[in-house]
Structure formats: C-alpha cells, structure tokens
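**Q** This is the structure I want to talk about, given as structure tokens.
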Amino acid sequence: MLVWTRNNLLIILLALSLVRCGRQEVVAPEISVDEFLSGDLAFRRGRTMESDAIAGMGGSRYDYSHVGVIVSHGDSMCVVHVEPMREGNEQVKVVSIEEFFHPESAVKGCVTRCEALSEQQRHIIEREAMALVQRGVEFDHDYRLSDTTAMYCTELVDFLYRKVDILLTEQRHRVPLAQEDVLLPSSIMRDGALNVVWSYDLRPARHN
C-alpha cells in the first residue's frame, strides 16, 4: 500500500519508530490456487521499511501492509491490486497469485474469505475489479477515500465490497501529511468478518 510515493515524508515519519529486520534468503511458498474464490482477499507483508511501518500499526496479529482482491481471470485465479512504484506502471493491475506473494515482495501472506458473499456478489466484485483494470485507475498518492478516480490498495478493496453492500470496516487512522484519515489493511483484517483460508510466514520463528 504506502510504499514509495511523492509523499514519501509520510512514510519516513511512520518508519522512524520501527526497527527493520534484515533480509534472509527464502523460498517461495506453496500455493494451491484451486482453494481460492473470486472475492477472496489477499494480504501480504512487504519487505520494505515502509511496509514495516504500515504493518506495525496493526499489531502482531494483523501485521500486513498490502491487500488485493482475488478474481478469476482467463483460466486461472489472479489478484487485482494497486501499488505505488519507484518506476513503472502505477495503475490498477491484475497479476498472478504467485507474483503477488513472490518472496522478493513479501515475507508473509494470507488469503481470507468473507463467507457472507453469495456467488452473485462474487461475480459482481470480479466484474467491477476488472473494470478498474480496464479503466487504468491510477494509484492515489493523496490517499483520499472520498475520491475514487484514483485509489490506494485498501480503498480499492473497500470500493469493491461496497458494490455488493458490504462494509468491511469503519475504522480509519490519522497519519502525518495524509489529507484524510486512512484505511489500513489491519482494520480490514480485524473488523471484516474474514476467515483465513491459507497463510504462510517466511520469517524465522521467534523464541522467548
């Protein structure tokens, strides 16, 4: 979500209070994409200092920094998401689940499911998600939930679920330099009535 942006001072202020763990060589998690349904949410914890800052605001149980929505695309399940980039395309995009959870991008991840979604609602989310891809909606560097002409990652998920009359969370966070209160992945994880259907953590286990 909040990775490298033109408002990078915001991230610096958040990250100063957190300690970043060193990177370690890791292998890709085993993913069985047949377990997933359109409308499932894919959360990941990134490897950057900025990701640590965002994840740290959610507490150890909800320490994710980015989220996207799983959809059926062609003959496979993929993830629709949006993120800022140091270089390249900052539009809403569709990527493979393997790419979304690639070890170079994430140290931890999970897929969650809202059991209340009907098949019709899942189809609507899928259709609306692909419409955002086709429209080329850009990343929202101003972090405004009130303006959906551009979106950040949690805004995209919130927007899609509102299309089927589901409010995942009302919780917002005040962060430095943001023009509006921000919706974080941790709030969706905590309040969204979601069940974890798959997860992994590549970080070494901690011992007391």
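The values are calculated or read from the model by the stated rules, or taken from the named source; none is laboratory data. This structure is a prediction, so every number in the text was calculated from the model and none was measured. Neighbour counts run over all protein chains shown; Cβ positions are idealised from the backbone, glycine included. Note: areas computed on protein heavy atoms with side chains; ligands, DNA, RNA excluded. Shrake-Rupley method; radii C 1.70, N 1.55, O 1.52, S 1.80 Å.
**Q** Kindly establish whether residue 94 is open to solvent by 30 Å² or more (accessible area, probe 1.4 Å), under 14 Å from residue 157 (Cα atoms) and modelled with pLDDT of 95 or more.
**A** yes
**Q** Determine whether residue 197 is over 17 Å from residue 92 (Cβ atoms) and not in a loop (DSSP other than H, G, I, E, B).
**A** The answer is yes for residue 197.
**Q** Also, quick follow-up: For region 97-116, give me each residue that is closer than 15 Å to residue 129 by Cβ and either touching a Lys or Arg at 6+ places or on another chain (Cβ under 9 Å) or of a type in the set (Gly, Ala, Ser) (or both).
**A** 100 - this is the single residue of region 97-116 that is closer than 15 Å to residue 129 by Cβ and either touching a Lys or Arg at 6+ places or on another chain (Cβ under 9 Å) or of a type in the set (Gly, Ala, Ser) (or both).
**Q** Check off (1) within 25 Å of residue 74 (Cβ to Cβ); (2) buried (at least 16 other Cβ atoms within 10 Å of the Cβ) for residue 88 and give me the number that stays unchecked.
**A** Among (1) within 25 Å of residue 74 (Cβ to Cβ); (2) buried (at least 16 other Cβ atoms within 10 Å of the Cβ), residue 88 violates only (2).
**Q** Residue check: is residue 74 farther than 24 Å from residue 138 by Cβ, surrounded by fewer than 21 Cβ atoms within 10 Å (Cβ to Cβ) and of a type in the set (Gly, Ala, Ser)?
**A** yes
**Q** Taking the conditions exactly as written (over 12 Å from residue 69 (Cα atoms), modelled with pLDDT under 95 and not in a strand (DSSP E or B)), does residue 107 satisfy them or not?
**A** No; evaluated as a whole, the condition is false for this residue.
**Q** Follow-up. For region 113-157, what are the residues that are acidic (Asp, Glu), part of a helix (DSSP H, G or I) and within 18 Å of residue 93 (Cα to Cα)?
**A** 126, 128, 155
**Q** Among the residues of region 139-184, write down those that are of a type in the set (A, V, I, L, M), within 16 Å of the chain's Cα centre (by Cα) and more than 22 Å from residue 123 (Cα to Cα).
**A** 145, 150, 182, 183, 184 - these are the residues of region 139-184 that are of a type in the set (A, V, I, L, M), within 16 Å of the chain's Cα centre (by Cα) and more than 22 Å from residue 123 (Cα to Cα).
**Q** Looking for something of a type in the set (Asp, Glu), farther than 25 Å from residue 174 by Cα and crowded, with 20+ Cβ neighbours inside 10 Å - is there at least one such residue anywhere in region 40-63?
**A** yes
Rundown of residues vs (1) buried (at least 17 other Cβ atoms within 10 Å of the Cβ); (2) touching a residue at least 12 places away in the same chain (Cβ under 8 Å), yes/no style:
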| position | (1), (2) |
| --- | --- |
| 105 | yes, yes |
| 108 | yes, yes |
| 111 | yes, yes |
| 115 | no, yes |
| 120 | no, no |
| 125 | yes, yes |
| 129 | yes, yes |
| 139 | yes, yes |
| 143 | yes, yes |
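**Q** Got at least one residue in region 62-70 being more than 18 Å from residue 150 (Cβ to Cβ) and in a strand (DSSP E or B)?
**A** Yes, that holds for at least one residue.
**Q** Also, quick follow-up: Could we say that residue 11 is more than 17 Å from residue 103 (Cα to Cα), hydrophobic (A, V, I, L, M, F, W, C), modelled with pLDDT of 50 or more and not in a loop (DSSP other than H, G, I, E, B) here?
**A** no
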